[in-house]
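Right, one structure below, let's go through it.
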Amino acid sequence: MTKSFTGGCACGAVRYEISAEPFAMFYCQCRQCQRDSGTGHGAHLAFPSVAAKYEGEVGQWKMVGAGGMEKLRAFCRSCGSPVYMTFPGMPTHFGVSAASLDEPDRFRPAFVCWTAAGHAWDKVDPALPKFDKMPPRG
């Protein structure tokens, strides 16, 4: 088994442990990720939800992304840090912010999505494949 991915919020009140490898690591330049991160993109890892364990009291807010995907974004009620996302339409998926990882150097993005909403000032690795919206599932 590979080493678990662990992380949490800035104050430590919310923690998670994921005992699986991510099936995707990516940057997202959609408007919601921009707002959530406070910069030009979000950095995310997607895992199978059955591998995720989490503890601590979170607040959640529901939103619908530009592609129509409903998301529940969880944040720490104490410090406000965004920590993870769940997807009612895809209950098998669990997403975390790369910045919430205990070891953020484990983040290895494979692509950039929603570049149609990106800004010229937000420079991400030019070698990564880029998609105007979400990449095709395959």
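Observations
- Any chance THR2 is more than 12 Å from the chain's Cα centre (by Cα), assigned to a strand (DSSP E or B) and of a type outside the set (D, E, K, R): no
- Selection of first residues in the range 1-13 that are under 12 Å from GLU55 (Cβ atoms) and of second residues that are among the charged types (D, E, K, R) and surrounded by 14 or more Cβ atoms within 10 Å (Cβ to Cβ), restricted to Cβ pairs under 7 Å at least 6 apart or on distinct chains, gives the following pairs, ordered by first then second residue: THR6/GLU17; GLY8/ARG15.
- The set of residues from the range 12-69 being among the β-branched types (Val, Ile, Thr) and in a loop (DSSP other than H, G, I, E, B) comprises VAL14, THR39.
Here's the yes/no breakdown for (1) farther than 26 Å from LYS130 by Cβ; (2) crowded, with 19+ Cβ neighbours inside 10 Å; (3) among the small types (Gly, Ala, Ser):
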{"site": "GLY12", "(1), (2), (3)": "yes, no, yes"}
{"site": "TYR16", "(1), (2), (3)": "yes, yes, no"}
{"site": "TRP114", "(1), (2), (3)": "no, yes, no"}
{"site": "GLY118", "(1), (2), (3)": "no, yes, yes"}
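Results for (1) touching a residue at least 60 places away in the same chain (Cβ under 8 Å); (2) in contact with a Leu (Cβ under 9 Å, 6 or more places away or on another chain), shown as yes or no for each residue.
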site: ALA51; (1), (2): no, no
site: GLY59; (1), (2): no, no
site: GLU70; (1), (2): no, no
site: PRO88; (1), (2): no, yes
site: VAL96; (1), (2): yes, yes
site: LEU101; (1), (2): yes, yes
site: GLY118; (1), (2): yes, no
site: ASP122; (1), (2): yes, no
site: LEU128; (1), (2): yes, no
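- Filtered by the rule that a residue be surrounded by 13 or more Cβ atoms within 10 Å (Cβ to Cβ) and under 16 Å from GLY7 (Cβ atoms), the range 54-77 gives TYR54, GLY56, VAL58, ARG73, ALA74, PHE75, CYS76.
- Leading residue by the ranking (surrounded by the most Cβ atoms within 10 Å (Cβ to Cβ)) among those in the range 44-53 that are within 30 Å of ALA116 (Cα to Cα) and of a type in the set (A, V, I, L, M, F, W, C): LEU45
- Verdict on THR6 being over 21 Å from PRO135 (Cβ atoms) and touching an Asp or Glu at 6+ places or on another chain (Cβ under 6 Å): yes
- If the condition is being farther than 16 Å from ASP36 by Cα, among the aliphatic types (A, V, I, L, M) and either at pLDDT below 90 or in contact with a helix residue (DSSP H, G or I) (Cβ under 7 Å, 6 or more places away or on another chain) (or both), then the range 71-130 contributes only MET90.
- Top-ranked residue of the range 79-100 - restricted to ones that are within 20 Å of GLN29 (Cβ to Cβ) and aliphatic (A, V, I, L, M), ranked as surrounded by the fewest Cβ atoms within 10 Å (Cβ to Cβ): ALA99
The values are calculated or read from the model by the stated rules, or taken from the named source; none is laboratory data. Computed from a predicted structure; not experimentally measured. Neighbour counts are summed over all protein chains in view; Cβ atoms, including those assigned to glycine, are modelled from backbone coordinates with ideal geometry.
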